[in-house]
Amino acid sequence: MAASHSQKYGSSVETVLHKRSDLHILRKLWHISTGSLGLFVFVRSTEPQKFWAFLILGIAIAGFLVDFIRNRIPFFNNIVIKMMGPLMRRSEKEGMSGLPFYALGVSLSLFFFSRDIAIVSSMFLVFSDPLSSFFGVLYGKDKIMPNKSLQGAVAGFFTCYLITLFYAMNTTTLGTHLLVFSIVAGVIGSASELVSAFNIDDNLTIPVLSGLGMTLLNNWVTVFP
């Protein structure tokens with residue numbers, strides 16, 4: 001009877017977990033809302049950038065520790081899945097979740113990039129990632145990589161392009177240099193999301209690769225002081 005109950009419980013857990021190919025609106029809303037709140041607090045804060053980098057790194061380490069423990073203690077894993085199941089993917093049931101990679105990506109961008117570039121690259125993660133997935137799932141008919149579509153990549157490009165354009169208008173005047181920078185940044189942001197097709201979590205690749213790309217680009221077309 002105990003085994004039957006366990007099987008029944010395991011089945012009920014499975015029903016709340018989504019596949020990567022699902023639309024999973026709740027996860028996308030959580031991704032955008034928590035990221036937006038974090039960015040708002042950071043921008044309004046008077047604490048130094050390194051303070052936030054270390055704080056978010058601590059969140060990442062805690063997230064990795066929770067995943068490590070739950071993957072080795074089924075009872076604890078069942079509790080986590082029961083609480084967080086609506087936000088989790090099926091692949092995360094007995095694997096790593098996206099949260100620690102999300103925090104790690106943001107913390108690394110804060111450690112290694114300027115304030116403006118760290119903010120923009122984090123905004124790519126907060127908005128471009130879920131919007132690329134949204135359009136890819138709904139309209140992604142033309143596959144360019146496993147689990148990646150042309151339509152999703154285009155949505156990611158325009159999101160990153162517009163984020164860069166409107167944010168950078170606060171630091172520089174509108175001109176050809178800003179348009180060129182924003183277009184290339186859009187390509188960089190979209191490409192950083194596509195890297196996840198090679199089994200690298202895009203929560204990590206988007207802020208890190210985007211920040212690195214924009215830092216190099218800024219040495220050629222200066223937009224951020």
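Among residues of segment 27-51 that are over 18 Å from LEU131 (Cβ atoms), those with a beta-carbon under 6 Å from a residue that is of a type in the set (A, V, I, L, M, F, W, C) at least six positions away or on a different chain give the pairs PHE42/TRP52; GLN49/LEU110. Every condition in (1) open to solvent by less than 60 Å² (accessible area, probe 1.4 Å); (2) β-branched (Val, Ile, Thr); (3) without any contact (Cβ under 8 Å) to a residue 12 or more places away in the chain is met by ILE79 except one, and the failing one is (1). Considering only segment 177-210, how many residues are under 17 Å from the mean Cα position of the chain (by Cα) and either without any contact (Cβ under 8 Å) to a residue 40 or more places away in the chain or more than 11 Å from LEU125 (Cα to Cα) (or both)? Adding up the residues that qualify gives 14. Picking from residues in segment 148-174 that are under 16 Å from the mean Cα position of the chain (by Cα) and of a type outside the set (Ser, Thr, Tyr), the one that is most open to solvent (accessible area, probe 1.4 Å) is PHE157.
Checking each residue in segment 130-146 for being among the aromatic types (Phe, Trp, Tyr) and under 18 Å from SER192 (Cα atoms) picks out PHE134, PHE135.
You will find that of PRO86, PRO74, the residue that is surrounded by fewer than 17 Cβ atoms within 10 Å (Cβ to Cβ), touching a Leu at 6+ places or on another chain (Cβ under 6 Å), more than 15 Å from LEU204 (Cβ to Cβ) and not aliphatic (A, V, I, L, M) is PRO86 and no other.
Here segment 44-59 is the region considered, the condition is being open to solvent by less than 90 Å² (accessible area, probe 1.4 Å) and of a type in the set (S, T, N, Q), and the residue that is nearest to the chain's Cα centre (by Cα) is GLN49.
The values are calculated or read from the model by the stated rules, or taken from the named source; none is laboratory data. These numbers come from a predicted model, not from an experiment. Here the Cβ is made from the backbone with ideal geometry for all residues, glycine too, and neighbour counts use every protein chain on show. With ligands, DNA and RNA removed, areas are computed over all heavy atoms of the protein, side chains included. Shrake-Rupley method; radii C 1.70, N 1.55, O 1.52, S 1.80 Å.
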